[in-house]
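The structure appears right after this line, and notes come after that.
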Amino acid sequence: MLGSMISSPERRCVAPLWVALFLLPGLLTACGPSEVAVKGQFPSPLMQKLPLNMGVWYEEDFRTHEFFDEAKGRAESGWIVKTGDAQLDMWNTLLPGMFRHLQHMPSRPQPGKMNPAVDAVLIPHIEELQYAIPAHTNVKVYEIWMRYRFELLSASGKPLGEWTMTAYGKTPTAFLQSDEAAVNLAAVVALRDAGANFATNFTRVPQVRDWLKQRRDRLAGGEQPARNPPTGRPVQNPTPDRAPLAETRQ
Amino acid sequence: MKPNLSLLSVFSAALLTGCVTSTVDEMVFNAPTEGVGEASVVILGRRHASDYETEPDFIECVGDYIAGRDKAIDVVGELEFVNALYPWFEPRTAPLYPQDIEKLLQQAPVAQKLLSLRTKYMIWIDGSTVRTDSAGSMTCGIGPGGAGCFGFGTWGNNSNYEATIWDFSNRAEVGRISATASGQSYMPAVVLPIPIIAPVQGTACDSVGDQLLQFLSSEY
């Protein structure tokens, strides 16, 4: 009985403490920046595949890409938009649908390295990401804008082309939709737009067009294209400045 | 007792719905005489304007309206169609004129997919619903004794949509329908807020859906 009389008031003190501890993370979360880890589903492109054995390499910055915007005032919230996983999802769905063979490179191609036999290696980069929410613009759409930079290298690391491309996505405000869900949706639309822009304009990029023409001319001259997987084995490139088709023949 | 309760619910719902006025303009050049038969219809939203976007739920609403009233019409879902034909119907790449379809069909995989979907009519809907004005104020409070609101708010909504019908087999525009709707919603609050919402977008959806149904269905 005595025990219960002593322990009873203690319990009453402990209960509010638990409640406070339970509420504290919620309060701290409310003060932190809004965070969106972009998630979405991306369709495979419906198009005639280019007869290329293309390699792709994603840099660490690209694989883990995130955008951070600090709050400019007490009334505003900071934003963290993580697009890395969604970028990989989208490009890993798009590229196999665009090229006859796609190989993921073990590293960035460099001269004198053991590189898989591919016609060229594509390396995407995200140069810039901007966002706008209705609170910023007074327009009832959420927007995401991205600028990509692409490098096209030979299997030995020789630059074949470099160009930039923009992508844009927006989504209207909707009843009972949170800012985070709307920004996610806008980012998914922007990623789809990036895929559409890349897929429909890849062969129109002047440097790519020139490279494809040279490649066609070489093939017409009797050269063999890069061996297709799984028979294609890594080859060492002793002459890094030569064109990729010539490298793969050696 | 139960019928009384149902009547009361219906009566309350009618009372709590704001008034909407709508106008429909229709211009049809070449309507099918026997419906669309075995073919399918796809309804897509235009999304290339910078300051607004045709709402996906409006497109779904029009599709449901048509499919719900004439079961013979096969309406392909917008997302299903756009995903199946990615990347050719994204805002950046979508055809703006019926003649652009010809260019699309030059690509064998696209032509095959469209053939398998049996698409006869493609309907593009462009427009949005916007809030035109708002007035009033409302204060809500919470205390140990309870919570409540006091005040009055009102706002107007305006819907403006245009549907363009493309005949896929002839690569031609065969009809154009536009619908506008506007209405005023109210929310008085004495302890509890009572929303009296004008179904502006829903009315526009019904107007567009009804006109499209008359165009597509042999029964209407």
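The values are calculated or read from the model by the stated rules, or taken from the named source; none is laboratory data. Small disclaimer: the values here were computed from a predicted structure and weren't measured. Don't worry about glycine lacking a Cβ; one is built from the backbone with ideal geometry, like all the others, and counts go over all protein chains shown. For the accessible areas, the whole protein counts, side chains as well, though only heavy atoms, and no ligand, DNA or RNA atoms are used. Shrake-Rupley method; radii C 1.70, N 1.55, O 1.52, S 1.80 Å.
Some points to look at:
- For the range B:109-121, a residue qualifies if it is charged (D, E, K, R) and crowded, with 16+ Cβ neighbours inside 10 Å, and the qualifying residues are B:K113, B:K120.
- Listed conditions (1) away from every other protein chain (no Cβ under 14 Å); (2) open to solvent by 30 Å² or more (accessible area, probe 1.4 Å) are all met by A:A86, apart from (2).
- Test: residue in the range B:179-190 that is free of Cβ contacts under 8 Å to residues at least 40 places away in the same chain and touching a strand residue (DSSP E or B) at 6+ places or on another chain (Cβ under 8 Å): yes
- In the range A:182-208, the residue that is nearest to the other protein chains (Cβ to nearest Cβ) out of those that are touching a strand residue (DSSP E or B) at 6+ places or on another chain (Cβ under 9 Å) and exposed (fewer than 14 other Cβ atoms within 10 Å of the Cβ) is A:T203.
- Residue match in the range A:163-181 (condition: modelled with pLDDT of 95 or more, assigned to a strand (DSSP E or B), more than 12 Å from chain B (Cβ to nearest Cβ) and touching a strand residue (DSSP E or B) at 6+ places or on another chain (Cβ under 9 Å)): yes
- Residue match in the range B:40-48 (condition: open to solvent by 50 Å² or more (accessible area, probe 1.4 Å) and at pLDDT 80 or above): yes
- Test: residue in the range B:71-80 that is farther than 27 Å from A:L46 by Cα and not aliphatic (A, V, I, L, M): yes
- Tabulated pairs, the range B:74-98, first more than 10 Å from every other protein chain (Cβ to nearest Cβ), second open to solvent by less than 30 Å² (accessible area, probe 1.4 Å) and among the hydrophobic types (A, V, I, L, M, F, W, C), C-beta under 6 angstrom, 6+ apart or interchain: B:V75/B:V41; B:V75/B:I66; B:V76/B:V42; B:E78/B:L44; B:E78/B:I59; B:F81/B:V42; B:P95/B:I101; B:P98/B:W166
- Within the range A:125-135, being away from chain B (no Cβ under 14 Å) and assigned to a helix (DSSP H, G or I) holds for one residue alone: A:A135.
Each row is one residue, and each column tells you yes or no for (1) buried (at least 17 other Cβ atoms within 10 Å of the Cβ); (2) touching a Lys or Arg at 6+ places or on another chain (Cβ under 9 Å).
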residue: B:Q107; (1), (2): no, no
residue: B:I123; (1), (2): yes, no
residue: B:A163; (1), (2): yes, yes
residue: B:I177; (1), (2): yes, no
